[in-house]
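Each remark here refers to the structure printed beneath this line.
The values are calculated or read from the model by the stated rules, or taken from the named source; none is laboratory data. On a predicted model such as this, the values are computed, not experimentally measured, just so you know. Cβ placement follows ideal geometry from the backbone for every residue including glycine, while neighbour counts extend to all protein chains displayed. The accessibility values were calculated without ligands, DNA or RNA, using every heavy atom of the protein model including side chains. Shrake-Rupley method; radii C 1.70, N 1.55, O 1.52, S 1.80 Å.
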Amino acid sequence: MKDLQMNNKTQKSNQPIIEIHDMHKWYGDFHVLSNINLQVQPQEKIVICGPSGSGKSTLIRCINRLEEHQRGQIIVNGIELSNDIKNIEKVRAEVGMVFQHFNLFPHLSIIDNLTLGPIWVRKTPKKEAEEMAMMYLEKVQIAEQAKKFPGQLSGGQQQRVAIARSLCMNPQVMLFDEPTSALDPEMIKEVLDVMIDLAGEGMTMLVVTHEMGFAKSVADRVMFMDDGEIVEQNSPDVFFDNPQHERTKLFLSQIL
Amino acid sequence: MAESTTVKRERLKPPITNVGVLGWLHTNLFNSWYNSLLTIVTLIVMAFLLPPAFQWAFVDSLWNSSAEACRDIDGACWSVIPNNIRFIILGFFPSGQEWRPILAMVLLLTLVVYSKERSRWKSSLLWLWAINLIIMGTLMYGGIFGMPVVETSQWSGLPLTFILSFFGMIVAYPLGILLALGRQSNMPAIKTLCVVYIELIRGVPLISLLFMSSVMFPLFLPEGVTIDKVLRALIAIILFTAAYIAEVVRGGLQAMPRGQYEAADSLGLNYSNTMRLIILPQALKIVIPPSVGILLSVFKDTSLVVIIALYDVLKTTMVTLSNPKWAGYSRESYIFLALLYFGFCYAMSSYSRKLEKELHTGH
């Protein structure tokens, strides 16, 4: 997939694509995220894990401003996220997101789900958008379903469509918010396979997941969050074989 | 596959009391002692009421006779309808021009029937409606193609009812959508404005709005400027209906899962595209049945324009009855009118039920 890599406009190679400095977030009085510092290099794959309620989903939702942060800085692709809606839309166009519950548009056919973003955000001509959509559907091995509606597809197929939908925007970063948690066990693999392919092509990925096998084989860095903080981050080897922090050890002993 | 693995077991017939006529009677009419009692009481009451009613309506009745002939019978004088049908339906529309309102109504009903099929719901259908409404207006008003001008003061009867309800609904709908979106807006000024409007309008009866439009409103206009009476009534109906539509649409918007907004946001779609392409198509689909309900009540509520001296189909019927020749036959006339309204309303509501079913099973 050469064109994909070309689209990943890897600017100056040492420039992080996501920078988060001293970021805090509150829900009312509740301090959900505290002192988050994170730098993501282009093509880096980061897996974020942690107990439920630890703020890992909230963190990646802050990166495309589905959630607002109250303190600190988030800079994506050189654009700082603030209340400026134009900047937010620019960032969102460059950051793809895959949700736990797929969130496909049920009233549109699969192909229309895919072409919507390119046509209305990127102003791609319809024909071109459709060709690109078919290419990505091919890639997630679901091209024969293009004319169907989301409701007619299985969960695994829907999630693959959702991934293809994000890819159609040629994003520079992909965020995955527990992409396999809502799937039946036999469908998890087909989705993970697509994600592994994507990682192999050099996509920058932030993945919130409980699939530790995926973390071990794909991640450059595994991050453990608890109680709104990044407790520990390390390469997968060190993270799994020699966790530093007590809380990490406890968590790993529970899930492995 | 399941068939090959499971051993065929014996299929029993259901017990006799659960199926067929007996089963139906048992479950619906005699399933407990009080229901049995109700059934029997109802049957007795019907035995007393139905035969005389039948006698009056069908046996002793006259269907197409002169008013004089009706004086000698005990039954219903249905003749009042065929003898006055032209005035009841078309009112004061000039004679010789009857084909114009009739053609307009036929066009409208044809388009309504055509629009029933969901597969025809495309943007071209909207254009078809727009063109049709213009043609209807032209047919009614005239002034071109050699059709003499018919002032709106002469528009009356069923065409007026149709114009008030359908034009009212069609203009009110987009307005209602805007109000519903405004009510959900993050901008406090717009939100407050919409909430105040909706609550204010929903807090007053339609009659008061009609009075205001016909009595109060002209006082604010400069000397010599008049706005057509039908138009003023139409505006009152539109303003009134829009508030109700806004609340119905808001219900649809609230039924949309957050995930749809988030998915649209995460693609970088802006607000208007998100609404236009993602949220409204789904939300409006959800609220089709209650929207038809609103159309239904608008259709019936238009009869309130009687009080501002517009001659809708109810008023033309009343005028007929003020003719001494036919004065005694209000029962027959109002039954006819009730059936007329019921026919249209029942068609609309059964269509809405059918649609509801389709949309539930669809995606």
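Overview of results
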{"quantity": "Fraction of accessible area attributable to carbon and sulfur, the protein assembly as shown (%, probe 1.4 Å)", "calculated": "62"}
{"quantity": "Volume in Å³ per residue [convex hull over Cα atoms, computed for chain B]", "calculated": "264"}
{"quantity": "19 Å Cα-Cα reach of A:Lys90 towards lysines, excluding residues that sit fewer than 8 places from it in its own chain", "calculated": "A:Lys9, A:Lys123"}
{"quantity": "Chain A - mean residue ellipticity at 222 nm from DSSP helices (-39,500 (n - 2.57) per run, n ≥ 4, rounded to 500)", "calculated": "-11500 deg cm²/dmol"}
{"quantity": "For the protein assembly as shown, cysteines whose Cβ has no other cysteine Cβ within reach (under 4.7 Å)", "calculated": "A:Cys49, A:Cys62, A:Cys168, B:Cys194, B:Cys345"}
{"quantity": "Accessible surface buried once B binds A (1.4 Å probe; total of both sides; Å²)", "calculated": "1800"}
{"quantity": "Amide H within-cut-off set for A:Val207, under 5 Å, with H built and near neighbours excluded", "calculated": "A:Ile46, A:Val47, A:Ile48, A:Phe176"}
{"quantity": "Reduction of at least 40 Å² in accessible surface, 1.4 Å probe, comparing all protein chains with the chain by itself, residues of the range B:263-311", "calculated": "B:Ala263, B:Asp265, B:Ser266, B:Leu267, B:Gly268, B:Leu269, B:Leu277, B:Ile278, B:Gln282"}
{"quantity": "Quotient of C-alpha Rg and 2.2 N^0.38 Å, computed over the range B:156-359", "calculated": "1.22"}
{"quantity": "Those residues of the range A:78-95 for which accessible area with every protein chain present is at least 20 Å² below the isolated value (1.4 Å probe)", "calculated": "A:Glu89, A:Arg92"}
{"quantity": "For the range A:19-254: Kirkwood Rh in Å [reciprocal of mean 1/r, alpha carbons]", "calculated": "18.4"}
{"quantity": "At least 30 Å along the helix axis (C-alpha) and Kyte average at least 0.0, DSSP helices within chain B", "calculated": "B:33-54, B:229-255"}
{"quantity": "Cβ neighbours within 10 Å from other chains - mean over A:103-110", "calculated": "5"}
{"quantity": "Pairwise centroid distance, computed over Cα atoms, of the range B:212-262 with the range A:23-94, Å", "calculated": "43"}
{"quantity": "Unsatisfied cross-links (Cα-Cα over 30 Å) in the set A:Lys139/A:Lys216; A:Lys148/B:Lys116; A:Lys25/A:Lys126", "calculated": "A:Lys25/A:Lys126"}
{"quantity": "Of A:His31, A:Ala199, B:Ile288, farthest towards positive along the dipole that unit charges on Lys, Arg, Asp, Glu beta carbons give the protein assembly as shown", "calculated": "B:Ile288"}
{"quantity": "Tensor-based shape of the range A:17-123 (alpha-carbon gyration tensor, a/c under 1.5 rounded, otherwise prolate or oblate)", "calculated": "prolate"}
{"quantity": "Ranked packing of B:107-119, A:25-37, most packed first, by mean Cβ within 10 Å", "calculated": "A:25-37, B:107-119"}
{"quantity": "C-alpha center-to-center spacing [the range B:296-345, the range B:117-155] in angstrom", "calculated": "25"}
{"quantity": "Positive-end residue of B:Met140, B:Pro218, B:Val21, charge dipole of chain B with Cβ unit charges", "calculated": "B:Val21"}
{"quantity": "Calculated over the protein assembly as shown: convex hull of Cα atoms, volume per residue (Å³)", "calculated": "274"}
{"quantity": "Chain B, accessible area per residue, ligands and nucleic acids excluded (1.4 Å, Å²)", "calculated": "57"}
{"quantity": "The range A:114-163-the range A:215-253 distance, computed between alpha-carbon centres (Å)", "calculated": "35"}
{"quantity": "Peptide-level mean, for A:59-66, of C-beta atoms on other protein chains within 10 Å", "calculated": "2"}
{"quantity": "Positive-end residue of A:Leu175, A:Gln157, A:Ala146, charge dipole of the range A:141-192 with Cβ unit charges", "calculated": "A:Ala146"}
{"quantity": "³J(HN,Hα), Karplus 6.51/-1.76/1.60, whole Hz, each residue of the range A:228-234, x for Gly, Pro", "calculated": "x, 10, 7, 7, 7, 9, 7"}
{"quantity": "Descending semi-axes in whole angstrom, ellipsoid equivalent of the range B:87-185, from the Cα gyration tensor", "calculated": "29, 16, 12"}
{"quantity": "Longest to shortest principal axis, alpha-carbon extents of the range A:104-174, angstrom", "calculated": "30, 24, 18"}
{"quantity": "Lysine-lysine proximity count for the range B:156-359, Cα under 23 Å, sequence distance 8 or more or distinct chains", "calculated": "7"}
{"quantity": "The range A:19-254: antiparallel DSSP beta bridges as a percent of all, rounded to 5", "calculated": "50"}
{"quantity": "Residue mean of other protein chain beta carbons inside 10 Å, B:253-261", "calculated": "2"}
